[in-house]
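Q: Pasting a structure below so you can have a look.
The values are calculated or read from the model by the stated rules, or taken from the named source; none is laboratory data. Being a predicted model, the structure only gives us computed values, none of them experimental. Cβ sites come from the backbone with ideal geometry, for glycine too, and all protein chains shown count toward neighbours.
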Amino acid sequence: MNSAVVLISGRGSNLQAILEAGIPVSAVISNVAGAGGLAIAAKRGIPTLVVRHGDFASREAFEAILAAEIDRFAPRLVVLAGFMRVLTPGFVQRYAGRLLNIHPSLLPAFPGLQTHRRALAGGVKRHGCTVHFVTADLDQGPIVAQAAVPVLPGDSEESLAARVLQQEHVLFPRAVRWFLDGKLVIEKGLVRVKGDDAQLLNFDSA
Ligand code: GRF
């Protein structure tokens with residue numbers, strides 16, 4: 001089906017942006033019961049499921065059930081929208097070339113957690129977000145698109161996070177749409193966007 005399954009762990013503001021953009025989402029799956037994003041999806045009549053990682057003895061056992069649930073919906077794309085689990089190479093391989101993540105930094109700077117805090121501590125003047133294909137190397141897969149924001153004097157972790165999040169909500173739906181429209185091509189580990197949209201690939205909010 002030309003639709004996405006979205007995996008979440010939390011509040012689901014990126015999920016909401018994706019839904020508001022009219023992207024077809026066939027299911028939303030959370031590893032955390034009560035994640036805010038589940039209610040956002042349910043309100044729109046989208047099937048929601050919880051697969052709690054803590055219920056499983058191993059990462060592989062968790063992912064086996066997660067993959068089985070995803071595959072029931074036969075999605076073209078699997079979207080990680082604030083899904084806070086590290087995935088095994090086996091899982092990543094199963095969805096190779098059709099697994100997208102959004103990361104709150106301008107990769108390759110600041111992979112991992114607490115990106116806004118680290119950006120402030122590092123004194124960078126530009127920060128932002130990255131949509132990328134997921135590979136077995138954490139936060140290192142082929143970059144689809146990035147949006148940059150200025151780091152302003154007096155910024156706190158919260159103010160900077162909010163500025164980046166605003167851009168996430170523009171960037172992620174756009175990248176997901178490109179994928180579902182068949183516009184993303186991975187060549188030698190680099191992503192090319194077919195067509196006129198290519199000029200919009202990277203943008204700067206400042
Ligand atoms: C976002 O900052 C995203 O970049 C990161 O996790 C956060 C998820 O936020 N991967 P939300 O659940 O989409 O509101």
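Q: Would you confirm, using the coordinates I've provided, whether Ala121 is surrounded by fewer than 23 Cβ atoms within 10 Å (Cβ to Cβ), among the small types (Gly, Ala, Ser) and modelled with pLDDT of 95 or more?
A: yes
Q: Ser26 fails exactly one of the following numbered conditions: (1) closer than 26 Å to Leu113 by Cα; (2) part of a strand (DSSP E or B). What is the number of that condition?
A: (1)
Residues are listed down the side, and each one gets a yes or a no for (1) closer than 25 Å to Met1 by Cα; (2) within 15 Å of the ligand (Cβ to nearest atom); (3) in a strand (DSSP E or B):
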| site | (1), (2), (3) |
| --- | --- |
| Val144 | yes, yes, yes |
| Ala147 | no, yes, yes |
| Leu152 | no, no, no |
| Leu165 | no, yes, no |
| Arg174 | yes, yes, no |
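Q: How many residues are of a type in the set (Val, Ile, Thr) and within 12 Å of the ligand (Cβ to nearest atom) when one looks only at the range 13-34? Let's see the steps before the verdict.
A: Here is the first cut: in the range 13-34, the residues of a type in the set (Val, Ile, Thr) are 18, 23, 25, 28-29, 32.
Restricting the remaining residues to those that are within 12 Å of the ligand (Cβ to nearest atom) gives 18, 28, 32.
Summing the residues that are of a type in the set (Val, Ile, Thr) and within 12 Å of the ligand (Cβ to nearest atom) in the range 13-34 gives 3.
Q: Right, something else. Any residue at all in the range 42-56 that is within 16 Å of the ligand (Cβ to nearest atom) and among the acidic types (Asp, Glu)? Before you say what the answer is, go through the steps one by one.
A: Step one: list which residues in the range 42-56 are within 16 Å of the ligand (Cβ to nearest atom), which gives 42-44, 46, 48, 50.
Going one step further and asking which of them are among the acidic types (Asp, Glu), we end up with none.
No - not one qualifying residue is present in the range 42-56.
Q: While we're on this one: Tell me which residues, restricted to the range 63-122, are within 13 Å of the ligand (Cβ to nearest atom) and touching a residue at least 60 places away in the same chain (Cβ under 8 Å).
A: Listed by number, the residues that qualify are Val79, Leu80, Ala81, Gly82, Phe83, Met84, Arg85, Leu100, Ile102, Pro104.
Q: Name every residue in the range 7-23 that is out of contact with any Gly (no Cβ under 8 Å at 6 or more places or on another chain) and in a strand (DSSP E or B), in order of residue number.
A: Hit for the range 7-23 is Leu7, nothing else.
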